[in-house]
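What follows is calculated from the coordinates using simple rules that are stated; it is not laboratory data. Remember, it's a predicted structure, so these values are computed and weren't measured experimentally. Here the Cβ is made from the backbone with ideal geometry for all residues, glycine too, and neighbour counts use every protein chain on show.
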Amino acid sequence: MQKLKQLSLTVAVAGVLSSGAAMAELTGNIGVTSNYLWRGVTQTSDSAAISGGLDYAHKSGAYAGTWASEVSSLNGESGQYELDLYVGYTGDAGSVSYDVGVIKYIYPIDDGGTVQVDADFTEVYVSAGFGPATLYLASTLSKEGDPQFEKDMYFSLSADFKVAGLGMTALYGDYDFDDPAGTDYSHYSLGLSKDDFTFALEQNDITGADDVRVVVSWSKEISL
């Protein structure tokens, strides 16, 4: 899954996996981004990151894969990384495309701070696409660090267009946390892509972090 996340995990899951399910194949991907943003929030303390993954897509619509990226530790230090494992199924119902699956986010290296926090969590997701628009919903199934708050909900609506030979993606997302101490927020993005390059503008409405971020990314998919 070519999932740089500079726009959103949701766009990448729905787009790349849907296109790859037409035939059984194994693919790899590698990418670099100036800032790894996930759902509008930097995962690298506004620093660059290298990522890569492997995907298997069956002609039936079933798929499975793994993806890894550099991230900052809970103390904002380098050395931590994120490992994603996912399985799902994608297909079409008339003019509507759909994608359902489960994804686990793993952070293998302990934070090393005075307070240890287990950050691993698992989500179930579903998306529906009609024309240029894609609706995506994700719900937390388990949360290692906060098992008493396992009903986080994420929603996004995106649209893809072609403009002057460039791909354009606009997205609005909203994160609603089950934890009463969590900070619910919304985020917005606008991206332009050409060949293997993407230029994106990202903004969220988290207090104190509402500046517009500019992200430049490159990614490449390889058939294996």
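The table below lists the values:
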| item | result |
| --- | --- |
| Label-point separation, Thr183 to Ser139 (7 Å along Cα→Cβ), nm | 2.7 nm |
| Extension reserve of the Val126-Asp92 stretch, reckoned as 0.36 nm per residue once the Cα distance is removed | 10.9 nm |
| Sparse-neighbourhood loop sites, GluC sites (Glu not before Pro) in segment 116-166 - DSSP loop, at most 16 other Cβ within 10 angstrom | Glu144, Glu150 |
| Cα lying deepest toward the dipole's positive end in segment 9-223, options Gln43, Leu192, Gly101, charges on Cβ | Leu192 |
| Length gained when the stretch Phe197-Glu25 is fully extended (0.36 nm per residue, less Cα-Cα span) | 59.6 nm |
